[in-house]
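**Q** The structure under discussion is supplied below as structure tokens; questions concerning it will follow.
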Amino acid sequence: MAKAARRSGSKVLAAVHESVTDLYEIGLVDKATMRHFDELCLTPVAAMSPEEIRALREREQVSQPVFARYLNVRKEAVSKWERGEKRPDGPSLKLLALVKAKGLQSIA
């Protein structure tokens, strides 16, 4: 669970999370509190504009169909995101955030 805190980029949050995890393991912190700390350590996912999505795909030098395959969505979804007709959400938005932060190979 401390891995999630480390991925968030905050050394302080990682240290706090590790301490709370240790307290949970010895029974001094309850499950609800542990869940709260786990949630705090998740990487936030912000909405992406059509321009950001297109720029991300172009940065990765892939076509819409190839980008769609990496994201496990239809090519039409990527096209609609880039035109602003629809917005990615849920798992698709999380995958886009990972690609933005770490590159397309991070989800390959």
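We did not get these values from a lab; they are worked out from the coordinates using the rules stated. Keep in mind that what you see is a predicted model, and the values were worked out from it rather than measured. Don't worry about glycine lacking a Cβ; one is built from the backbone with ideal geometry, like all the others, and counts go over all protein chains shown.
**Q** Cα-Cα over 32 Å: which of LYS11/LYS100; LYS75/LYS102; LYS31/LYS80; LYS31/LYS94; LYS80/LYS102?
**A** In this structure, LYS31/LYS80 exceed 32 Å between Cα atoms.
**Q** What is the magnitude of the charge dipole of the chain about its Cα centre, with +1 placed on the Cβ of each Lys and Arg, -1 on the Cβ of each Asp and Glu, and no other charges, expressed in debye to the nearest 20?
**A** 460
**Q** Would you list which aspartates and glutamates come within 14 Å of LYS86, measuring only between C-alpha atoms, while excluding same-chain residues fewer than 8 positions from it?
**A** Straight-line reach from LYS86, under 14 Å: GLU51, GLU52, GLU76.
**Q** Taking the chain as a Gaussian network, where each spring joins two C-alpha atoms under 10 Å apart, which residue of LYS86, LYS11, LYS94 fluctuates the most?
**A** LYS11
**Q** Only one of the listed values, (1) 1.07; (2) 0.93; (3) 1.12, was derived from the coordinates as Rg/Rh (Cα atoms, Kirkwood Rh); which label is it?
**A** Read-out from the structure maps to (3).
**Q** Once phi is turned into θ = phi - 60°, what whole-Hz ³J(HN,Hα) does the Karplus curve with 6.51, -1.76 and 1.60 give for every residue of region 48-59, x standing for Gly and Pro?
**A** 10, 6, x, 5, 5, 5, 5, 4, 5, 4, 5, 4
**Q** Now a separate question. Over the chain, what is the relative contact order in percent, taking alpha-carbon pairs closer than 8 angstrom and at least six residues apart?
**A** 21
**Q** What 222 nm value per residue comes from the helices of the chain, counting each DSSP H run with n ≥ 4 as -39,500 (n - 2.57) and dividing by all residues, nearest 500 deg cm²/dmol?
**A** Calculated from helices alone, the mean residue ellipticity at 222 nm is -20000 deg cm²/dmol.
**Q** Taking +1 at the Cβ of each Lys and Arg and -1 at the Cβ of each Asp and Glu, which of GLY90, GLY103, ILE53 sits farthest along the dipole of region 50-107 towards its positive end, judged by Cα position relative to the Cα centre?
**A** Checking the options against the dipole of region 50-107, the answer is GLY90.
**Q** Can you grab the distance from the C-alpha centre of region 75-108 to the C-alpha centre of region 22-62, Å, no decimals?
**A** So the two Cα centres are separated by 15 Å.
**Q** When the label point is put 7 Å from the Cα of VAL62 along its Cα-to-beta-carbon vector, which residues of region 80-107 have a backbone N closer than 11 Å?
**A** It comes to 96, 99-100, 103-107, nothing else.
**Q** Report the convex hull volume per residue for region 50-107, counting only C-alpha atoms, in Å³. The partial results should precede the final answer.
**A** Working: hull volume 3.8 nm³, N = 58.
Dividing the Cα hull volume of region 50-107 by its residues yields 65 Å³.
**Q** Compute the FRET efficiency between SER10 and LYS31 as 1/(1 + (r/R0)^6), taking r as their Cβ-Cβ distance and R0 = 30 Å, and round to the nearest 0.05. Display every interim value, and only then the final one.
**A** Working: r = 23 Å, r/R0 = 0.77.
Once rounded, the FRET efficiency stands at 0.80.
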